[in-house]
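Okay, structure first, notes after.
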Amino acid sequence: MALTTALIVGGIATFRRRAAKPDAPSSNWRADLRSSWNQRIQALRQNRRSQLVNILNGGDAVETSADQRRLNREVLFTGASLAVTIGGALFYPPLRLLSLPGVLYSLIPIYRDAYQSARAGQIDVNVLYAATQSLIVGRGYLLPANLGAFYYFLSRKLLMMAEYRVEVQLHEIFGQLPSTVHKLVDGAEVNCTLEQIVAGDLIAVWAGETIPVDGVVASGVATVDQQRLTGEAQPTEKGEGETVYASTTVLDGTLYIQVTQAGAATAVAQIGALLAQARDAAADRQLWGKRLGDRLVLPLVTLGGLSIPLVGWDGAQAIIDSHPQRRMNISMALCALNHLGVAADAGILVKDGRALEVLQQVDTILFDKTGTLTLSAPSVAQIYPAPGMRAEDVLRYAAAAEARQEHPIARALLDAAQVAHLTLPPIDASAYYVGHGLTVRMGEQQIRVGSQSFIMLEGIPIPAESQQQLTLIWEQGDTGILVAVDEQVIGLIELRATLRPEAAAVVQMVQQRGMHCYVLSGDHVGPTRRLAERLGIAHYVAGALPEEKASAVTRLQAQGRTVCFIGDGINDAIAMQQADVAISLRDATSAATDTAHIVLMQADLQQLAALLTLTGRYTRNRQATAGIFLAGSSIAIGGACLAGFGLWQVAMLNMITFPLSLGVAMWPQWRKLMSD
């Protein structure tokens, strides 16, 4: 039986080597079969690569890395070695010697990890595992040695699979800058790829398009939404000589931009690189299971040494080997992966499984205001008609003029008109002009809708009352839109960030859990204070720069708080990097989603409740998983001291506790199957 197993394993290995050669001859039926099977494999791989290319918006194909291929071979090799050992133990003992090369080969990376730990001055699981594996091999216990080697490479395979899965999810989720750019060549606009754009080129960006480069406005005036860069919803006007940045959006008008930085040199790309460096330099928080395993190393080694006079060398070795070692890491990894899967089913992307551990300890949540507690699109807050005009008429003119537009301000005006049940008059499509404002013709009337500077450039006087109200609106951090008919301003519309419908309930839920809430905003004091009062949040900070937000996180941490920051803008990224746990919403800026440990993919704060419930279940599951190992270690130690257990008995006990721990770690999947 064992010989048959070995032949099958060898045949599979030979088959895989030959199948990997696309040019192998096919002169007989075996070769034809191999060729057919190889074509199927290549087709599947090509399909996978094509999917990834689509995900990456035309990027290079994703190939299996050398590390992945090597680890696949190691898992297969140690698995085959384990099968040979089991066959030898059951049927033909000399066959076990064939597994010795596999055991010795598996010791190489184990010794490497142990050497790195010892060189760093750490006596951790790596050092203990290398010592116990050497001891087991030296005693001739090939079955436990092969089993341990297989566990080792399997655990590394699981971790690599998790990392790969997260990488693919990120590419699936987050978009990139536009791939087509309108470049001006000899006065004509020519479409070309973003990769062809270099510093010094002149490009055009139309209304509704995203600016793909950093540059200076050569001509044109437009309203630009910089929320993806700054996190603030209030648009800003850009004109000749002013600087614009990649990832911002032109709401209305057309800009002709002299390119200064493109590709990896843009501000957005450089900020992303700096954040990546900060993540790499940050202290690595180890998983709870690994910390527990490392803490048990010294006590068990000490106990084993002290017990030699009582239980002898064999008993002492059994006590040391009772440590859960890498088996706990495998089960804990599966526990984390299963809960990450549950989170994904709920529309929650957990990019770092350690965040689930830390989130359970969080006692303070800091909310960014704009885009997090409020929606990115504004809403009509107030209408200020000129004397002799009605608010309904001002809104009707403005909404009719903006009916063809798609930017957030237009949507706010159209939504308000719909709520008021207003009938919008038709406009003359042949007299419809979009510049740095909007000019349309309705019958014999010319309607202009835009900012203060737009109305002034059109030569239309702004009444003193409207001018004062505009100043007050600006001081409050809101947006003011003027509406003019022919050569007279008929009113002013105030736009304000809209509170998320679920925000109040979510804040109340968080506070009921005993957590402290803060609002941090780069916005003015007025709107920040109003929002905090409306939500029942006692603490708020307004006008905060990015570094001031990070300082607020640091101060709370210095007070012993465990802080979670929920933000959406690039100005939140530094604070999110500093926080113990960082959360962003799906429609946040790329800097925020890159920095965040957790992304709420439905862009709904209600998912925070599901996330907090999930962290509680994860904590209980990992504790139960660890409890099985601790119980097994206790039985092994007791058996060594009282019942004469040796290395073999402890190894058999480990074989029992390991599958039990896997069953507990898989509980989320069992729950899902039962619910389905």
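Hey, which of these cross-link pairs are over 30 Å Cα-Cα: Lys157/Lys369; Lys238/Lys549; Lys157/Lys549; Lys183/Lys549? Going by Cα-Cα distance, Lys157/Lys369; Lys157/Lys549; Lys183/Lys549 fall outside the 30 Å limit. Would you mind counting up the charge near Glu444? Only other residues with Cβ under 13 Å from its Cβ, with Lys and Arg at +1 and Asp and Glu at -1. Combined, the nearby Lys, Arg, Asp and Glu give -1. Ordered by the number of other Cβ atoms lying within 10 Å of each residue's own Cβ, fewest first, Phe91, Phe629, Phe565 fall into the sequence Phe91, Phe629, Phe565. Counting every other Cβ atom within 10 Å of each residue's Cβ, Ser634, Ser322, Ser551, Ser584 order from fewest to most as Ser634, Ser551, Ser322, Ser584.
With θ set to phi - 60° and the Karplus curve 6.51 cos²θ - 1.76 cosθ + 1.60, what are the ³J(HN,Hα) couplings of segment 146-154 in order, to the nearest whole Hz, using x for Gly and Pro? Once rounded to whole Hz, the list reads 5, 5, x, 5, 5, 4, 4, 6, 5. Neighbours of Gln578 by Cβ distance under 11 Å: Lys/Arg scored +1, Asp/Glu scored -1, total -1.
Near Gly304, once Lys and Arg are set to +1 and Asp and Glu to -1 for all other residues with Cβ below 12 Å from its Cβ, the sum equals -2.
We did not get these values from a lab; they are worked out from the coordinates using the rules stated. Keep in mind that this is a model prediction, so the values were computed, not measured. Neighbour counts run over all protein chains shown; Cβ positions are idealised from the backbone, glycine included.
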